[in-house]
Amino acid sequence: MRSEAVNRVKLVFILFDADGNGVLEADDFHLMSSRVAAAVPGADEARKQAMRAGFTRYWNTLASELDAHHDGRITYDEYQECVLSPERFNGAVGEFAAGFARLGDLDGSGTVTRPVFTDMMRGVGFDLPNIHALFDAFEPDDANRIRVDVWEAEIRNFYAPDKGGIPADLLAPSPAA
């Protein structure tokens, strides 16, 4: 597994642990999806529901694959084991990526503006400089928009254990030596 993938997994675990108690639980995913929905007040309800469904499927996949104690809690070690096994997690990541990226396409143009992208990513908890670096890596058009399909594909790349040197690495820079 590439070190870049490990950095991405560590970061997303911390972000998804929305209540900061050191484990992932269903409530974390509900809280996170509520934050993202609130960050995009102009999104229609169907898009918000699709995004929430992606978060729910993500959680349900984790719980069904990893919750050996049936206590509704996933540790970091358990999380790393699942998300870095694409054969176990591809469907959940695909639904999550589609629902999340498409939420930002407020006008149905197949694009997301920088302010909406920024608000959504801040809703997740990513740092502002990293958000802007990623947006710029997507080569926005003259109207400062990026394509939804490009963003969706990069969300999938974010969870790929064999990917490195990708734009998504900008969200989880390597720790300083």
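A count restricted to segment 124-145 and to residues that are at pLDDT below 95, in a helix (DSSP H, G or I) and of a type in the set (D, E, K, R) stands at 0. For first residues located in segment 60-75 and more than 17 Å from Asp27 (Cβ to Cβ), partners that are part of a helix (DSSP H, G or I) and open to solvent by 20 Å² or more (accessible area, probe 1.4 Å) and lie 6+ apart or on another chain with Cβ distances below 9 Å form the pairs Glu65/Glu78; Glu65/Glu81; Glu65/Arg88; Ala68/Glu78. Scanning segment 132-158 for residues that are in contact with a Phe, Trp or Tyr (Cβ under 7 Å, 6 or more places away or on another chain) and within 16 Å of Leu15 (Cβ to Cβ) yields a single hit, Ile155. Counting only helices (runs of 4 or more DSSP H) that sit wholly inside segment 1-120, those with at least 2 residues that are open to solvent by 70 Å² or more (accessible area, probe 1.4 Å) and small (Gly, Ala, Ser) are 45-66. With respect to (1) part of a helix (DSSP H, G or I); (2) of a type outside the set (S, T, N, Q); (3) more than 23 Å from Val6 (Cβ to Cβ), the lone exception for Ile155 is condition (3). Of all the listed residues (Val9, Val36, Val40), the sole one being among the β-branched types (Val, Ile, Thr), at pLDDT 90 or above and within 14 Å of the chain's Cα centre (by Cα) is Val36.
Applying a threshold of 7 Å to beta carbon distances and a minimum spacing of six or more residues, or different chains, the list of pairs starting in segment 37-55 at a residue that is closer than 21 Å to Gly94 by Cα and aliphatic (A, V, I, L, M) and ending at one that is open to solvent by 40 Å² or more (accessible area, probe 1.4 Å) and in a loop (DSSP other than H, G, I, E, B) reads Ala43/Leu106. Checked against the criteria, Arg147 counts as in contact with a strand residue (DSSP E or B) (Cβ under 7 Å, 6 or more places away or on another chain) and either surrounded by 14 or more Cβ atoms within 10 Å (Cβ to Cβ) or among the basic types (Lys, Arg) (or both). On the basis of being surrounded by fewer than 16 Cβ atoms within 10 Å (Cβ to Cβ) and either under 20 Å from Val93 (Cα atoms) or under 17 Å from the mean Cα position of the chain (by Cα) (or both), does Asp162 make the cut? So Asp162 fits the description; yes.
The values are calculated or read from the model by the stated rules, or taken from the named source; none is laboratory data. Nothing here was measured: the structure is a model prediction, and the numbers come from that model. Here Cβ is always computed from backbone atoms with ideal geometry, including for glycine, and neighbour counts include all displayed protein chains. These area figures cover heavy atoms from the full protein model, side chains too; ligands, DNA and RNA do not enter into them. Shrake-Rupley method; radii C 1.70, N 1.55, O 1.52, S 1.80 Å.
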